[in-house]
Amino acid sequence: MPSVIAAVVDRLGEEWSLEQISDFLASLIGVSVSHQWTYALIWDDKARGGDL
C-alpha cells in the first residue's frame, strides 16, 4: 500500500486529476482508487500538517 500512496502523492504533485490517477493505477498495477479514498488521503495529510 505505501507504493500506491506514493504514486498517488506524486501524481497529485503533478496536478493530475483524480480520474487520471485512478486510470493510471488501474493500467499500471490493476488497482484503481476511488475519489473518496484520494480525498481521505489528502485530508489526513492536511490534518498532519502536510501540503497535498
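The values are calculated or read from the model by the stated rules, or taken from the named source; none is laboratory data. What you are looking at is a predicted structure, and each value in this text was computed from that prediction instead of being measured. Here Cβ is always computed from backbone atoms with ideal geometry, including for glycine, and neighbour counts include all displayed protein chains.
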Residue selected from the stretch 5-19 under the condition of a type outside the set (Gly, Ala, Ser) and not in a loop (DSSP other than H, G, I, E, B), by the criterion nearest to Tyr39 (Cα to Cα): Leu18
Enumerate the pairs (first residue in the stretch 12-41 and in contact (Cβ under 8 Å) with a residue 60 or more places away in the chain; second residue anywhere and surrounded by 11 or more Cβ atoms within 10 Å (Cβ to Cβ)) with beta-carbon separation below 9 Å, excluding pairs fewer than 6 apart on the same chain, so at least 6 apart or on different chains. none
Gly50 versus (1) out of contact with any Asp or Glu (no Cβ under 9 Å at 6 or more places or on another chain); (2) at pLDDT below 95: which is the lone unmet condition? (1)
Yes or no: the stretch 1-22 includes at least one residue that is surrounded by 13 or more Cβ atoms within 10 Å (Cβ to Cβ) and of a type in the set (Lys, Arg). yes
Please specify each residue of the stretch 23-52 satisfying the condition of being surrounded by fewer than 11 Cβ atoms within 10 Å (Cβ to Cβ) and either in a loop (DSSP other than H, G, I, E, B) or touching a strand residue (DSSP E or B) at 6+ places or on another chain (Cβ under 6 Å) (or both). Gly30, Ser34, Arg48, Gly49, Asp51
